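The values are calculated or read from the model by the stated rules, or taken from the named source; none is laboratory data. Bear in mind that the values here come from a model prediction, so they are computed numbers and not experimental data. Using ideal geometry, Cβ is built from the backbone for each residue, glycine included, and neighbour counts are taken over all protein chains shown. Calculation scope for accessible area: heavy atoms of the full protein, side chains included, ligands and nucleic acids excluded. Shrake-Rupley method; radii C 1.70, N 1.55, O 1.52, S 1.80 Å.
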Amino acid sequence: MMESSRLASYVASVVLHDLASPVQGLMSGAEMAFDDALGGGMKKDGEKLLQEQIRVIRGKIDFMRLALGSQAIDEGQANLAAARQSTDRMFEDMRKPAPTWRLETQNLSNLHLRLLLNMVYLLKEPAAKGALTVSVREEGDQLVMQASGQPGAFKTDVLAALEGRKPDRGW
């Protein structure tokens, strides 16, 4: 089992890595769109790249606000519709299939939702290779939350981190 401080560090590393790529795309798009020496065709390509990267960043940030923001630590009732919409939009923006949702209960607090969305976030990369299923159900007085993907689809860094071992890219 992974220590909570290492898990937090790993999630932060994944978040930063996830934002670095579209930010780099923004910078490239801006160079193409605003460099007069490149010509009209490159300007149009740069503008298109800017629009795509803004959409991707917006989707990821909206999701991260739900998964990591201050609302996620409030003990109130979770807004599952907003969480599902934000998650599906993030996957769509990353051109990945949206998760299959199996919500057998609507009785989730924001704290529960935070855990569930963090599990989904860590599984978003393996989801590119197969379907991701997010399920929540009640068993007696317990809440069972699960996010699962296709077996064998995990990157070795993700597996190492989830097993509590230092990933090759570090914490």
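If we scan the stretch 9-22, do we find a residue that is assigned to a helix (DSSP H, G or I), open to solvent by 20 Å² or more (accessible area, probe 1.4 Å), over 26 Å from Leu132 (Cα atoms) and not β-branched (Val, Ile, Thr)?
Scanning the stretch 9-22 turns up no residue that is assigned to a helix (DSSP H, G or I), open to solvent by 20 Å² or more (accessible area, probe 1.4 Å), over 26 Å from Leu132 (Cα atoms) and not β-branched (Val, Ile, Thr).
If a residue must be open to solvent by 50 Å² or more (accessible area, probe 1.4 Å) and either touching a Phe, Trp or Tyr at 6+ places or on another chain (Cβ under 6 Å) or free of Cβ contacts under 8 Å to residues at least 24 places away in the same chain (or both), how many such residues does the stretch 23-39 contain?
Going through the stretch 23-39 one residue at a time, the tally reaches 8.
Hey, among the residues in the stretch 66-80 that are open to solvent by less than 30 Å² (accessible area, probe 1.4 Å) and either part of a loop (DSSP other than H, G, I, E, B) or not aliphatic (A, V, I, L, M) (or both), which one's modelled with the highest pLDDT?
Per the criteria, the residue is Ala78.
Just to verify a result, which residue in the stretch 81-98, among those that are among the aliphatic types (A, V, I, L, M) and more than 16 Å from Arg58 (Cα to Cα), is most open to solvent (accessible area, probe 1.4 Å)?
Step one: list which residues in the stretch 81-98 are among the aliphatic types (A, V, I, L, M), which gives 81-83, 90, 94, 98.
Now narrow it down to the ones that are more than 16 Å from Arg58 (Cα to Cα): 81, 98.
Numbers: Ala81: 74, Ala98: 54 Å².
The residue in question is Ala81.
Tally time: how many residues in the stretch 99-114 are within 21 Å of Leu68 (Cα to Cα), outside any helix (DSSP H, G or I) and open to solvent by 70 Å² or more (accessible area, probe 1.4 Å)?
2
Do we find a residue being more than 19 Å from the chain's Cα centre (by Cα), modelled with pLDDT under 90 and under 29 Å from Ala161 (Cβ atoms) anywhere in the stretch 37-53?
No, every residue in the stretch 37-53 fails to be more than 19 Å from the chain's Cα centre (by Cα), modelled with pLDDT under 90 and under 29 Å from Ala161 (Cβ atoms).
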